[in-house]
Structures are given as C-alpha cells and as structure tokens.
There are 2 protein chains.
Amino acid sequence: MSAAEEMTGEDTPWAEVTPDAARRLLVAAVEAFAERGYQATTTRDIAGRAGMSPAALYIHYKTKEELLHRISRIGHDKALEILEAAANGPGTAAERLADAVRSFVRWHAGRRTTARVVQYELDALSAEHRAEIVELRRKSDAAVRRIINEGVAAGEFDVPDVPGTTLAVLSLCIDVARWFSTEGRRTPDEVGALYADLVLRMVSARK
Amino acid sequence: MSAAEEMTGEDTPWAEVTPDAARRLLVAAVEAFAERGYQATTTRDIAGRAGMSPAALYIHYKTKEELLHRISRIGHDKALEILEAAANGPGTAAERLADAVRSFVRWHAGRRTTARVVQYELDALSAEHRAEIVELRRKSDAAVRRIINEGVAAGEFDVPDVPGTTLAVLSLCIDVARWFSTEGRRTPDEVGALYADLVLRMVSARK
C-alpha cells in the first residue's frame with residue numbers, strides 16, 4: 001500500500017477536530033448539508049442533530065458559514081495531501097498517476113457525503129474563504145499536472161493537451177462522489193483499479 | 001453537423017412547455033433550485049421569480065415536486081435523445097462514440113444550470129417519479145454501451161470492462177455541468193473535442 005493509499009483508509013474521520021463537541025457538530029453539519037442542502041439547513045437543525053442546544057453550537061462556531069468553511073478546508077487539505085503523496089511517491093509516472101487515481105477515487109467513494117458538500121457548496125463560502133479554497137484546488141491540479149508532465153518528458157506518456165487531460169482526470173475521480181453507492185456492483189477499490197486503467201489509457205501510457 | 005449535435009443547439013429551451021405561464025414558472029424553478037437547492041426553495045419563491053402569485057402557480061403545478069419532476073423528465077428525455085441519435089447515426093463506432101461525447105458535453109456545458117438540478121436533486125423526487133427517471137438513465141447508459149460493444153465486436157476498440165467504461169464515459173460528460181464556466185478558458189465545443197479524443201483513448205480506438 002502506497003503512502004497516498006494509506007491516507008484514504010481513515011479510521012477516524014474528523015479526528016483533527018477537537019474538542020469532541022466541535023467534532024460532533026461538524027459531523028452533524030456534513031449530514032444536514034448533504035441531505036437538505038446548505039441553504040435549507042439552520043444552525044438550530046445542526047445543533048439538534050448533534051443533541052446540543054443552539055447556544056452550545058455558538059461556543060464552537062459563530063456562523064453556519066464557519067462550519068461549511070471548516071468542512072471544505074479539511075476536505076480540500078485531505079485531497080491535496082493524497083495527490084501530493086502520489087506525485088512525490090516512488091516509481092514511474094505511470095505508477096504515480098495510477099496511485100493518485102486509485103487513492104482519489106477511494107476517498108471520493110468512501111467519503112462521498114463529505115465530498116458532495118465540499119464539491120457542490122463552494123458558492124456558499126464567503127469571498128475570502130472561497131479564495132483560500134480555490135488556491136488549494138489549484139495546488140491539487142498542479143500535483144496531477146506535474147505527474148503527467150513528467151511522464152511526457154520521460155517519453156512514458158503521449159498527451160497533446162496536458163491541462164485539459166489533468167482537468168478530465170480530476171473530474172472523473174470527483175464525480176465518483178455523485179454516483180457511487182455502497183449498494184452498487186463495485187467496491188471503491190474496484191472503481192479505483194478500473195479508473196487507474198482508464199486514465200493510463202487517456203495518457204497513452206506505454207505498456 | 002450530426003443529428004445528435006443539432007439537438008444540442010437549442011434555440012428555445014423548454015419550448016415543449018406550454019402555455020407561456022407554465023414555461024416561465026419552470027424556468028424560475030430551475031434557477032431557484034440551482035441557486036438555493038430544492039429544499040430551501042418554496043413555491044412562493046418560484047411564483048415571485050416568475051412575477052406571478054402563488055395561486056397562479058397552483059393552476060399549473062400542484063406541488064414543488066411536480067415542478068422538479070417536469071424539469072428532470074425533460075432533461076433526461078433530452079439526454080436520451082442525444083445519446084440515441086449518436087448511437088443510431090452513420091459511421092464507425094469511433095465516429096459515433098465521438099459524436100455522443102461531443103453532443104453530451106455540449107449539452108452539459110450549455111445547459112449546466114438545468115443539468116445540475118437534474119443530476120443533484122434525484123433524491124427529492126417521489127418514489128414513483130424516481131423509478132421513471134432511473135429507467136430513462138438506464139436507457140441512456142444502454143445507448144452508449146451499445147456503441148462500445150459494437151466497436152469491440154468490429155475490432156475497432158479494445159475494452160476489458162464495457163459496463164465500467166460506459167459508466168466512466170457518461171460520468172466524465174455529466175461532471176462538465178459542475179465545473180464548466182463561461183469565464184473559463186475553453187468553449188463547450190473545445191471541451192467536447194478534447195473529451196471525444198480522451199474517450200477514444202479510453203477505448204483504445206484504432207487510429
């Protein structure tokens with residue numbers, strides 16, 4: 001198992017959020033936003049789901065937007081960590097690209113509720129917070145683009161449009177959060193293996 | 001321009017919705033659902049956006065869910081029409097697959113507000129309506145799978161996992177609705193051309 005792959009096997013999601021009450025509120029917010037949408041959710045709903053009072057929520061989060069920003073920040077930090085671990089890993093460009101895809105797919109399948117909130121509610125962030133998140137997305141894009149560029153430079157890949165192909169690779173992995181279901185025919189690992197093969201075909205990796 | 005491509009150059013979206021008041025309400029509902037989410041939108045909001053009274057809305061739509069179902073039905077009918085036109089078109093499997101991808105991408109880029117509502121609010125449909133929509137999605141999937149199967153049978157494509165590859169091709173096109181922006185670097189036609197090339201690589205189409 002590669003370093004990037006290990007990062008997606010999170011036994012304790014949101015472990016970085018302390019104290020426990022703040023973590024329970026964050027988990028309740030993810031569920032509420034995913035179920036009803038950010039706009040239809042009130043801080044009262046979130047506190048209720050966490051079994052707490054609205055006043056107790058305000059001790060940890062001043063606004064609903066602060067909760068969304070915290071969720072988005074943690075999700076985007078994780079995505080970047082996964083992709084940079086793959087980009088900086090050992091092996092050929094093809095091995096690293098396959099690793100990036102497998103790990104990114106596994107995260108989007110396993111943590112799809114969080115991923116949907118993170119991906120679909122960007123417009124609800126404040127201008128300042130959105131700018132911060134856009135910068136993290138730019139870095140994630142750069143990590144994948146670097147692997148592809150290195151593959152092209154090494155003669156491993158044949159890619160006429162590197163930025164466009166990078167966009168497509170990330171988009172393919174992100175959309176797993178929309179359609180993946182635990183009741184479906186494929187496990188996250190199986191989708192990861194399928195997508196790694198398809199992406200290596202997209203870059204015409206030498207066999 | 002192929003038949004499938006012509007279908008995406010819609011001059012009058014929602015032209016099938018009559019009378020004019022019903023169409024205005026539907027357009028207002030698409031905008032409100034996309035902006036605030038289905039759950040956060042009231043029929044009063046929709047009537048207000050259309051410059052009508054709530055009572056006038058009830059003449060045309062009995063519930064908010066009826067509006068969502070109408071939008072979803074029209075969107076899914078269109079998607080199926082585009083993909084079947086490509087599948088039934090002239091040319092090799094590679095030409096038809098490229099046509100399907102170009103047309104489907106153009107629709108998701110050009111009609112991204114509608115596409116987001118159609119793709120992200122499936123859970124808000126009633127059980128009966130959801131079953132109807134799932135059946136349309138199954139047929140869209142079948143149209144693309146048929147092109148790929150025909151390409152494999154003709155020795156044009158090399159595809160180890162036809163259902164998985166079909167899923168990936170559709171997912172790649174659908175996710176265009178999430179990230180596409182008219183302020184971005186690429187036009188819908190340019191994304192369509194890029195994606196058609198990437199998909200032909202995914203199926204290892206003979207050059």
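Values for this structure:
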{"item": "Helix axis angle, A:162-174 relative to chain A longest principal axis, alpha carbon, degrees", "result": "50 degrees"}
{"item": "Charged-residue dipole, Cβ positions (Lys, Arg, Asp, Glu), chain A about Cα centre, Debye nearest 20", "result": "400 debye"}
{"item": "Heavy-atom accessible area per residue - the protein assembly as shown, 1.4 Å, Å²", "result": "44 Å²"}
{"item": "Averaged over B:32-40, number of beta-carbon atoms from partner chains that fall within 10 Å", "result": "4"}
{"item": "Cα-based helix-to-principal-axis angle, A:93-110 vs chain A, degrees rounded to 10", "result": "30 degrees"}
{"item": "A:Asp189 versus B:Asp77: modelled label distance in nm, points set 7 Å from Cα along the beta carbon direction", "result": "4.6 nm"}
{"item": "Cβ-derived FRET efficiency at R0 60 Å, B:Ala15 paired with A:Ser53, nearest 0.05", "result": "0.70"}
{"item": "Relative compactness, chain A, computed as alpha-carbon Rg over 2.2 N^0.38 Å", "result": "1.09"}
{"item": "Using alpha-carbon coordinates, inclination of helix A:188-202 to the longest axis of chain A, degrees", "result": "40 degrees"}
{"item": "Summed buried accessible surface, chains A and B, 1.4 Å probe, nearest 100 Å²", "result": "2700 Å²"}
{"item": "Shielding by partners, peptide A:176-189 (average Cβ within 10 angstrom, other chains)", "result": "2"}
{"item": "Nm distances between copies for A:Ser53, ranked from closest, using label points 7 Å along Cα→Cβ", "result": "4.5"}
{"item": "Sulfur and carbon atoms: percent of accessible area, the protein assembly as shown [1.4 Å]", "result": "50 percent"}
{"item": "Within segment B:143-172: backbone nitrogen closer than 15 Å to the B:Arg206 label point (7 Å, Cα to C-beta)", "result": "B:150-159"}
{"item": "GNM result for chain A, Cα springs below 10 Å: residue of A:Val152, A:Val118, A:Val101 fluctuating most strongly", "result": "A:Val152"}
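The values are calculated or read from the model by the stated rules, or taken from the named source; none is laboratory data. Model, not experiment: these values are computed from the prediction. A quick note on method: Cβ atoms are made from the backbone with ideal geometry, for glycine too, and the neighbour counts reach across all protein chains shown. To get the accessible areas, we keep the full protein, side chains included, count just its heavy atoms, and leave off ligands, DNA and RNA. Shrake-Rupley method; radii C 1.70, N 1.55, O 1.52, S 1.80 Å.
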